[in-house]
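S.K.: Just dropping this structure here.
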Amino acid sequence: MKLTPAIRSFALLAGLAATTVLASEVVPAGWVVPSPSKDYAAFLDRKVTRSGQASATIKSVAAQPDGSGNMMQTFAAGIYCGKRVRLTGHVKTLGATAAQLWMRVDGPGQILAFDNMANRPITGTVDWVRVELVLDVPLDAINISFGCLLRGPGQLWFDDLKFEFVGKGVAVTDSGVDQARTGRDDPKQEAGKGSRVVKPAKSTQPRNLDFEEKSQP
């Protein structure tokens, strides 16, 4: 029997709904869900992994989810100031409308650099694929925030993230403050000089990038 687009969509949503989030499923250690939504679930997944014992996943739990599902963390720019930094990670998707890794550099009252893969989201069903973001971290940077987000129906997994310094020969992927203003990934943050006060994060390094650190339920 040939499946119509409507039937395929229903089957996908039914499959996602069947994997109900359990009370024991928790946000990975070191990570946060900045604006929890009834339309998305984000948690540690010990069944689907690229390597090791766990990955992180974000999935829609509504037929027509509103906004986006996001998991992130923030650390002080510190040793990264004045450097060009590359964030790499591996993403897997199931019927995703748009899956995006993102990174943002915050300075005094403004966003200094930003990329959320808005021009190259991962869509549909894709096995583990490597993605990268490259940003310059100015000397006056205060914090670096990063994470993964899902817009619309579907599910994503991400695993094995890595930060590294790169030379000027590696092109930046900065999508600009205008994109940050219209599509903020941390709703608590605003683009535009003087719009907010940025305090240095307590963490000085990114944490639990491979999701192997144990979390407490």
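No lab work stands behind these numbers, since they all come straight from the coordinates. Predicted, not measured: the structure shown is a model, and the values here were computed from it. Because the Cβ atoms are built from the backbone with ideal geometry, glycine has one as well, and the counts that use them run over all protein chains shown.
S.K.: Between GLU212 and residues 5 or more places away or on another chain, which pairs have amide H atoms under 5 Å apart, with H built 1.01 Å from N, and which residues are they?
M.R.: Long-range HN contacts for GLU212: none found.
S.K.: When the label point is put 7 Å from the Cα of VAL126 along its Cα-to-beta-carbon vector, which residues of region 71-104 have a backbone N closer than 15 Å?
M.R.: 88-102
S.K.: In addition: Where a ≥ b ≥ c are the square roots of the eigenvalues of the C-alpha gyration tensor, would you call region 19-80 rounded, which needs a/c under 1.5, or, failing that, prolate if a/b is larger than b/c, or oblate?
M.R.: The shape class here is oblate.
S.K.: Exceeding 23 Å between C-alpha atoms, which entries from my cross-link table qualify? They are LYS59/LYS92; LYS83/LYS214; LYS38/LYS59; LYS38/LYS162; LYS92/LYS202.
M.R.: LYS83/LYS214; LYS38/LYS162; LYS92/LYS202
S.K.: Each residue of region 30-44 in turn: what ³J(HN,Hα) in whole Hz from Karplus with 6.51, -1.76, 1.60 and θ = phi - 60°, glycine and Pro shown as x?
M.R.: x, 10, 9, 9, x, 9, x, 10, 5, 8, 9, 10, 9, 6, 6
S.K.: Can you tell me how much longer the chain between ARG207 and GLN64 gets when fully stretched, taken as 0.36 nm per residue apart minus their C-alpha distance, in nm with one decimal?
M.R.: 48.2 nm
S.K.: Can you work out the Karplus-derived ³J(HN,Hα) for every residue in region 129-144? Use 6.51 cos²θ - 1.76 cosθ + 1.60 with θ = phi - 60°, whole Hz, and x for glycine or proline.
M.R.: The phi angles translate into 10, 7, 10, 9, 10, 10, 9, 7, 10, x, 5, 8, 5, 10, 9, 10 Hz.
S.K.: Could you run the Karplus curve 6.51 cos²θ - 1.76 cosθ + 1.60 with θ = phi - 60° over region 76-82 and give me ³J(HN,Hα) per residue in whole Hz, x for Gly and Pro?
M.R.: Per-residue couplings from phi come out as 5, 4, x, 5, 8, 4, x Hz.
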